[in-house]
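FYI, it's all coordinate maths here, none of it is from the lab. Because the structure is a prediction, the values reported are computed rather than measured. Ideal geometry is used to build each Cβ from the backbone, glycine not excepted, and the neighbour counts take in all protein chains shown.
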Amino acid sequence: MAHTTKDKKKLLSRIRRIKGQTEAIERALEGEAECDEILQLVASCRGALNGLMAELIEGHLRFHVLDPSQKIRPSQLEAADELMAVVKRYLN
């Protein structure tokens with residue numbers, strides 16, 4: 001089973017929250033909100049998308065690159081953890 005299928009409910013919940021954030025941006029623009037408010041909404045949305053991206057990358061790494069059906073060496077796990085730390089720092 002793919003990690004996106006296994007985590008489908010959680011991922012859909014995240015994307016629905018992001019959809020709500022983009023709709024808030026649209027409402028703010030329609031309502032002629034101040035630019036600082038709109039910038040904050042966009043920054044929040046971008047953070048949520050980056051979090052989703054990090055989660056998907058980590059799932060891909062742990063379920064496709066490090067095949068859980070095969071023996072994984074400790075050095076592989078350590079390298080995967082290091083890579084995810086870099087990805088998360090980059091996305092945040």
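Observations
- Potential lengthening between Ser44 and Lys8 on full extension [0.36 nm per residue; Cα-Cα distance subtracted]: 10.7 nm
- Measuring spread by the Cα atoms of the chain yields a radius of gyration and Dmax of 17.2, 57 Å.
- DSSP-loop GluC sites (Glu not before Pro) across the chain, with at most 11 other Cβ within 10 angstrom: Glu32, Glu34
- Highest-fluctuation residue, Arg17, Arg27, Arg46 considered, GNM on the chain with Cα pairs under 10 Å: Arg27
- Cβ-based charge dipole, the chain, positive-most Cα from Leu66, Ala79, Ala48: Leu66
- The chain: angle of helix 8-30 to the longest principal axis, Cα-based, in degrees nearest 10: 20 degrees
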